[in-house]
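Visitor: Take this structure, written in structure tokens, and hold onto it; I'll ask about it next.
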Amino acid sequence: MRRVSALVPAVCAALVLSSCAWGGDDGTGARPPGAPTGVTARAGSATSVHVMWNAVRAGDADGIRGYEVFRGGTKVVEVPGSAHMADVTRLEPSRGYAFTVRARDTEGRLGPPSRTVRATTPAAVAADRAAPSRPGRAKGRAVGSRAVQLSWTRSTDDRDVLSYDVYQGDTRIHSVGGNQTATVVTGLRAGTRYSFTVRARDAADNLSPASDAVRVTTPGTDDGRGTAPTDFRATTRRADGAYHVDLSWTPPRTDGTVTEYQVQLDGRPATSLVFGGNPPREKATYSFYLGPEAGVRHRVRIRAMLPDGTWGGFSAERTVTTGP
């Protein structure tokens, strides 16, 4: 499911850090929230679908009051602004559904819909009362001060494991597909002790017993390495009478999809870029204009907007010089 994706046709960029994802104003000059990005939908059972999305930054309000999930043109779920996931229930088995998500700010303004995502519920399983086995060998480690990486071994079921639910204490905070045995939980606080468990779910909505608790304390300081793009490279080239810089990097591993990046040139924001469609997960590339003069030295680095709405750490800084 990971693949290299070209950036150029799916990116919105500006020469300064911009808000290219925002919609228009509401007639008063104020901007509503932007459309949620990183939206995914996955069947949680034969009658439910789990929808997730990245946090949205408010336009001109103090924050996001809530998110509204739509099935087609009908609002089916509303959750507070602190939540970035929702379960849509009472669906029919063996049927495809389309979902969008919209953010509402504290001033009551409703932002534009996200891109449409689709999910198909599996067939109903008659008289299936056997729950999957508990996930085994659950373990975790802190990744910087704001994220924890979790992993576990597969559960077994008399039919099939459809998904794994991740709990923080008694609260379910995430769900991944039944073929996945690892995830990264973001949006945590530095210097805080957390406890996570994992439960398997089948198509009949039977839940396994919880895994052993994974207790992890995030460090008190964040050096950014756990949330920074890796394998960052920068080279220059000449085209159309001017010099350009070509960048490539590996996106950070996060609990969600990274769609936005900021490029810094010589210590200042130079370009913001937002992926549309399917953002790259394995390798990303981007090029931008430097100028016509040869022999100019530049420092460049990049960072990602994490799914929780905060900036991740900066990549390693690279130095490039225009011309031979």
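Visitor: Could you work out how far the C-alpha centroid of the range 248-272 sits from that of the range 70-129, in angstrom?
Guide: 29
Visitor: Now a separate question. Sequence gap at least 6, Cα distance under 8 Å: using those rules, report the relative contact order of the range 226-321 to the nearest whole percent. Before the final figure, lay out the partial values.
Guide: On the way: 217 pairs, mean separation 34.7, N = 96.
Relative contact order of the range 226-321: 36 percent.
Visitor: Using Cα pairs under 8 angstrom and six or more residues apart, how large is the relative contact order of the range 73-114, in percent?
Guide: The normalised contact order for the range 73-114 reaches 24 percent.
Visitor: As an exercise, find the ratio Rg/Rh for the range 32-120 from alpha-carbon atoms, using the Kirkwood inverse-distance average for Rh. Before the final figure, lay out each step's value.
Guide: Numbers: Rg = 12.7 Å, Rh = 12.9 Å.
Ratio value, two decimals: 0.99.
Visitor: Which order, highest average first, do 81-89, 302-310 follow once you tally other Cβ atoms within 10 Å for each residue and take the mean per peptide? Could you put the intermediate results ahead of the total?
Guide: Numbers: 81-89: 17.6, 302-310: 20.8.
In decreasing order of mean packing, 81-89, 302-310 become 302-310, 81-89.
Visitor: Springs between alpha-carbon atoms under 10 Å, Gaussian network over the chain: tell me which of R102, R268, R134 tops the mean-square fluctuations.
Guide: Most flexible of the set in this elastic network: R268.
Visitor: Follow-up question, since we're still on this one. Looking at (i) 22, 32, 17, 14, 11, 3, 0; (ii) 31, 62, 7; (iii) 29, 55, 16, 1, which value of P(r) over Cα pairs in 20 Å bins from 0, in percent comes from a calculation on the structure shown?
Guide: (iii)
Visitor: Say the dipole of the range 136-217 comes from +1 at the beta carbon of Lys and Arg and -1 at that of Asp and Glu; which of L150, G178, Y167 then lies farthest toward its positive end?
Guide: Going by the Cα projections, it comes out as L150.
Visitor: Now for a different question. If we count every other residue with Cβ under 12 angstrom of A98's Cβ, Lys/Arg +1 and Asp/Glu -1, where does the sum land?
Guide: Result for the local shell: +4.
Visitor: What's the ranking of 271-280, 123-132, 163-172 by average number of surrounding C-beta atoms within 10 Å, highest first?
Guide: Answer by packing, highest mean first, reads 271-280, 163-172, 123-132.
Visitor: Still on this structure: Can you tell me the relative contact order of the chain? Whole percent, Cα pairs under 8 Å, sequence separation 6 or more. Display every interim value, and only then the final one.
Guide: Numbers: 908 pairs, mean separation 59.6, N = 324.
Contact order relative to length: 18 percent.
Visitor: What FRET efficiency comes out for T192 versus T106 if R0 is 25 angstrom and r is the Cβ-Cβ distance? Round to the nearest 0.05.
Guide: Details: r = 26 Å, r/R0 = 1.04.
Once rounded, the FRET efficiency stands at 0.45.
All of the numbers you see were taken from the coordinates with simple rules; none came from a lab. Since this is a predicted model, take the numbers as computed values, not measurements. For neighbour counting, all protein chains shown are included, and Cβ atoms are generated from backbone atoms with ideal geometry for every residue, glycine included.
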